[in-house]
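Quick note: the coordinates plus some simple rules give every number you see, no bench work behind them. Note that the structure is a prediction, hence the values are computed from the model and not measured. Neighbour counts are summed over all protein chains in view; Cβ atoms, including those assigned to glycine, are modelled from backbone coordinates with ideal geometry.
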Amino acid sequence: MASNDGLPDQRANLIAAAHAAASWARARRATWTEAPPAVLATPPEDETSRTPAEAERYVPSDPPAAVPPPLPPVLVAIPRTGPALATRAAKRVRALGTPVLRWLPRVVAAVVLLAASVAGGLYLWNVVATSKTRIAVREPAPVGPTETKRKATGGLRVSSTPVGARVSVDGKMRGVTPLALEDLNAGRHTIEIKSEAGTVQRTVTVAADQTAEVNESIFSGWLAVYSPFDLVITEGGRGLRLDDRNQIMLPPGHHELRLANRALGYEDVRQVDLTPGEVTTLSLKPPPSTLTVTATEPADVWLDNARVGETPLNALPVELGSHDIVVRRAAGGERRFTVTITVRPFTLDVDFSKLAF
C-alpha cells in the first residue's frame with residue numbers, strides 16, 4: 001500500500017503554484033492596452049536568391065512591426081520542498097497565453113460570487129426552517145371537542161282507574177299504569193292511556209328536573225247528537241242507537257262516527273273525543289239545498305208559513321227535510337204542497353189551469 005507521507009508536500013506545491021499564477025496575472029494585467037494586437041509580417045525573402053528579372057520586379061513591403069519585448073520575469077517564492085512542481089505550474093500558466101489570462105480574474109470573481117450565493121442560500125434556509133420549527137412548537141395544543149350540552153329532562157307519573165292501562169308517550173309504548181318515567185325531555189308531550197273500558201288522551205307539559213302527574217279514571221262517557229232530521233249512526237260497522245234524550249253511552253277516547261239519512265241523500269263522517277263521565281255534544285247543520293218554484297200565472301210563494309217570494313222563484317236556499325209550500329195566485333186561489341228537500345236541488349211547477357173554482 002502506498003504511503004500518504006507526501007500529501008502535505010503536494011498541497012504546499014499546489015498552493016505555491018496558485019500564488020505564482022496570481023502574481024503573474026497581476027503583473028501581466030498592468031501591461032494591457034486597448035490597441036489591437038500587432039500583426040507579424042512575413043519575413044523578407046533572401047535577396048540573393050532572386051533572379052535578375054525578379055529583382056527588377058520586386059517592391060519592398062512595409063517594414064515589419066516591432067516585436068513586443070518579452071515579459072519581465074516574475075519573482076515567485078517557491079518552497080524548497082517542490083521546486084519541480086512549481087516550475088511546471090508556472091510554465092503551464094505562461095503557455096495559456098493572453099486570452100486565458102484576460103478572463104481568469106472574471107472567472108475567479110464568478111466562482112467567489114457563486115460560493116457566496118450558495119452559502120447565503122443555505123444560511124437563509126436554515127433560518128426559515130428554524131423559525132418554522134419555533135412557530136410549530138409555540139402553537140397551542142388543539143382543544144378537544146366540547147361535550148354535547150345535556151338536554152333538560154323531567155319525570156312523569158301516570159296512574160289510572162282501573163289499573164293496568166297501556167300508556168303511550170308521543171306515540172311510543174312506555175308501559176302500563178301505574179307508570180313512572182324519568183327520562184322525558186322538557187316540553188309538551190301527548191299521553192294516551194288505553195284499557196278495555198276506553199282510551200283517554202291528554203297533553204302534559206314536563207318541566208326540567210320536575211315530575212308531572214296524570215291520574216285518569218277510565219269509564220264511559222256520553223254523546224248527545226242533535227240534527228234537524230233523523231239519522232242512522234254507526235261506528236266500525238256497528239249501529240248506535242240514541243235514547244229519548246238523543247244521547248248514547250260510549251267508552252272514553254276517540255271515536256269516528258258515520259251519520260246518514262238515505263231518504264235525504266245525506267251522509268257525513270265526524271270525529272269526536274269523549275271524556276269519562278262527561279257528556280259530549282255533537283250538533284249537525286248540513287248545508288242547505290235549493291228550491292225553484294214556477295207557475296202558469298203570477299203567484300206568491302210561502303214556505304213553512306213564511307212568504308219567500310213570487311213566481312218564478314229560482315234557487316231559494318232551503319234546509320234538508322220536510323217542508324210545507326203554498327202558492328197563491330193574484331186572481332185568487334192557491335195550491336198546497338208538502339215536499340221533502342234532499343241534497344239535490346228541488347223544482348216545483350204549479351199549473352193553475354187545473355184549479356177548481
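For region 310-357, the Kirkwood estimate of hydrodynamic radius, built from reciprocal distances between every pair of different alpha carbons, is 12.2 Å.
Per-residue extension of 0.36 nm, minus the Cα-Cα distance of T190 and V163, leaves a gain of 7.8 nm for this segment. Expressed to the nearest 5 percent, the antiparallel share of DSSP beta bridges inside region 221-283 is 80 percent.
Using θ = phi - 60° in the Karplus curve 6.51 cos²θ - 1.76 cosθ + 1.60, the 3J(HN,Hα) couplings for region 186-192 round to 5, x, 8, 9, 9, 10, 10 Hz; x is entered for Gly and Pro.
Taking amide H as placed 1.01 Å from N in the peptide plane, the amide H of A165 sits under 5 Å from that of T177, each at least 5 places away or on another chain.
Using the Cβ-Cβ distance between A152 and V176 with R0 set to 22 Å, the FRET efficiency works out to roughly 0.25. Counted residue by residue at 0.36 nm each, then reduced by the alpha carbon distance between them, the extension gain from A119 to T205 reaches 23.1 nm. Applying 1/(1 + (r/R0)^6) with R0 = 56 Å to the Cβ-Cβ distance of A315 and R241, what FRET efficiency is obtained, to the nearest 0.05? Given R0 = 56 Å and the Cβ-Cβ separation, E is 0.90.
Using 7 Å Cα-to-Cβ label points, what is the D273/S217 separation (nm, one decimal)? Taking the simple label geometry, D273 and S217 are separated by 2.1 nm. From least to most packed, judged by other beta carbons within 10 angstrom and beginning with the fewest, K354, K194 follow the order K354, K194.
Residues V343, V111, arranged from fewest to most other Cβ atoms within 10 angstrom of their Cβ, appear as V111, V343.
Fewest neighbouring Cβ atoms within 10 Å first, the residues V169, V293 line up as V169, V293. Please list the non-local residues whose amide H lies under 5 Å from the amide H of S217, H modeled 1.01 Å from N, same-chain partners needing a gap of 5 or more. Amide H neighbours of S217: T161. Pairs of C-alpha atoms in region 183-229 farther apart than 13 Å represent 67 percent of all such pairs.
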